[in-house]
Amino acid sequence: MPSQLTFYYNPMSRAAIVRWMLEEVDADYAIVPIDFEAGDNRKPDFLAINPMGKLPTLVLDDLTVLTETPAIIAWLADAYPEAGLAPEPGSAERGTYYRWLFFGGTCFEPALTDATMRKDVLPKSSVGWGTYHDVIDTLEIAIGEGPYLLGERFSAADVYIGAELFWAGMFAAPRIAESRVIQDYVARVTNRDAYKRAMAVPDA
C-alpha cells in the first residue's frame, strides 16, 4: 500500500472526483488547499509541480506527480487492489472498465461543452464524440442495464462517470435532470459511504 499521498485540492474543481476515489480506496492522503481566487494554481511553487496549473494533482511519496482525473483514478484503483474497484488486468471486464473510465474525458465532457458553450456547430463526422445526444443515449443504455457500468460490480469508472453526471445536472445540462435512468444511477453512486465522507471531510 502506498505511503501518504499529497493531494492538491479545491472543491470547485475535478479534484472533487479524485477526493471521492481517495475515500473509496481508504488512502492516506494530506490535502493542500488551492485557492483559485488567490491565484494559488498560478504560483511558481505549484507550477513547478504541475505546469498546467490545474487540478487534480496528486503527488506520491517518491515525488511522482499524477494529473488528469481518469489517470489518477485508474492508478488509485490499481494501487489499492483490496478496494476491488478495477477488474483483473487482461480480462474482458477490464476492457469494459477502460471503455467507461475514459468515456468521460473523451466523449462526455467535450460533448457537454459542445452542447452548452459553443455557438457554432461542428460536423458530427469530425469529432470523436459524435453529438451530445449520441453520448447521452449511449450512457443511458449502459447504466440502464446496470445497476453500474460493469453490471452488478461498482468500479472506479462509476466514480468518474457518476461524478460527471452529477456535476452536469447541477449546471442544468440538457437531458440530465429529465432522465430517470441517469438520476437513479447518480442517486445510487452518490449514496455510497465514501462519497459522503469525501463531501464531509474538512477542506482545509
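Where a number appears in this text, it was derived from the coordinates with a stated rule and is not lab data. Keep in mind the model is a prediction, meaning the values are calculated, not measured. Note that each Cβ is placed from the backbone with ideal geometry, even for glycine, and that neighbours are counted across all protein chains shown.
At a glance:
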{"item": "Rg/Rh for the chain, where both radii come from Cα atoms and Rh is the Kirkwood radius", "result": "0.96"}
{"item": "The chain: antiparallel DSSP beta bridges as a percent of all, rounded to 5", "result": "60 percent"}
{"item": "Residue order, fewest to most surrounding Cβ atoms within 10 angstrom, among Ser3, Ser155, Ser91", "result": "Ser3, Ser91, Ser155"}
{"item": "GNM result for the chain, Cα springs below 10 Å: residue of Ile17, Ile31, Ile182 fluctuating most strongly", "result": "Ile31"}
{"item": "Under 12 Å, Cβ to Cβ, from Trp167 - net charge with Lys/Arg +1 and Asp/Glu -1", "result": "-1"}
{"item": "Highest-fluctuation residue, Arg14, Arg188, Arg118 considered, GNM on the chain with Cα pairs under 10 Å", "result": "Arg118"}
